[in-house]
Amino acid sequence: QVQLVESGGGLVQPGGSLRLSCAASGNICSNSTMGWYRQAPGTQRELVAVNTRGGTTNYAESVKGRFIISRDNAKKTVYLQMNSLKPEDTAVYYCYVPYDGKAYWGKGTLVTVAS
């Protein structure tokens, strides 16, 4: 069983920054693929960024150049540094780990970008 706990969400003004964290625990390799999805009201959940087990990093086009995904394998933690935030970035952000044929999700952390 894998548990994921996100933190770092909140209210920020347009142009501001936030850093999300997701700590994984349980039976998971320290270098497992880890990523972030988000879901805004009335929309489907979408991929934001992912860091794969092979070391590849991918971003949604809408966040390229503004968001940075990173990780600390020793802590089994993945981060999402979000810069130049826009109102359209408002969403619940979910940590995601595919492992051993299953998909694990955190409970989500709300990010609101508003003045």
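Every number in this text was worked out from the coordinates using simple rules, so none of it is lab data. If you're wondering where the values come from, they're calculated on a predicted model, not measured in any experiment. Positions of Cβ are generated from backbone atoms using ideal geometry, with glycine treated the same way; all protein chains shown enter the neighbour counts.
Overall shape of segment 46-111 was characterised from the C-alpha gyration tensor. The equivalent ellipsoid obtained from it has semi-axes of 20, 14, 11 Å, in decreasing order. The Cys residues in the chain with no partner Cys Cβ within less than 4.7 Å of their Cβ are Cys29. In this label model, Thr112 and Ser17 are separated by 2.3 nm, measuring between points 7 Å along each Cα→Cβ vector. FRET efficiency for the pair Ser25 and Asn58, taken as 1/(1 + (r/R0)^6) with r the Cβ-Cβ distance and R0 = 35 Å, rounds to 0.90.
Give the distance, in whole Å, between the Cα centre of segment 100-115 and the Cα centre of segment 8-33. What the calculation gives is 8 Å, centre to centre.
Once you have a ≥ b ≥ c as the square roots of the Cα gyration tensor eigenvalues for the chain, tell me rounded if a/c is under 1.5, and otherwise prolate or oblate according to whether a/b is larger than b/c. Prolate. Within the straight-line cut-off of under 22 Å between alpha carbons, the lysines reachable from Lys76 are Lys102, Lys107, sequence neighbours fewer than 8 places apart in one chain being disregarded. The antiparallel fraction among DSSP beta bridges confined to the chain stands at about 95%. Per-residue extension of 0.36 nm, minus the Cα-Cα distance of Glu88 and Gln39, leaves a gain of 16.6 nm for this segment.
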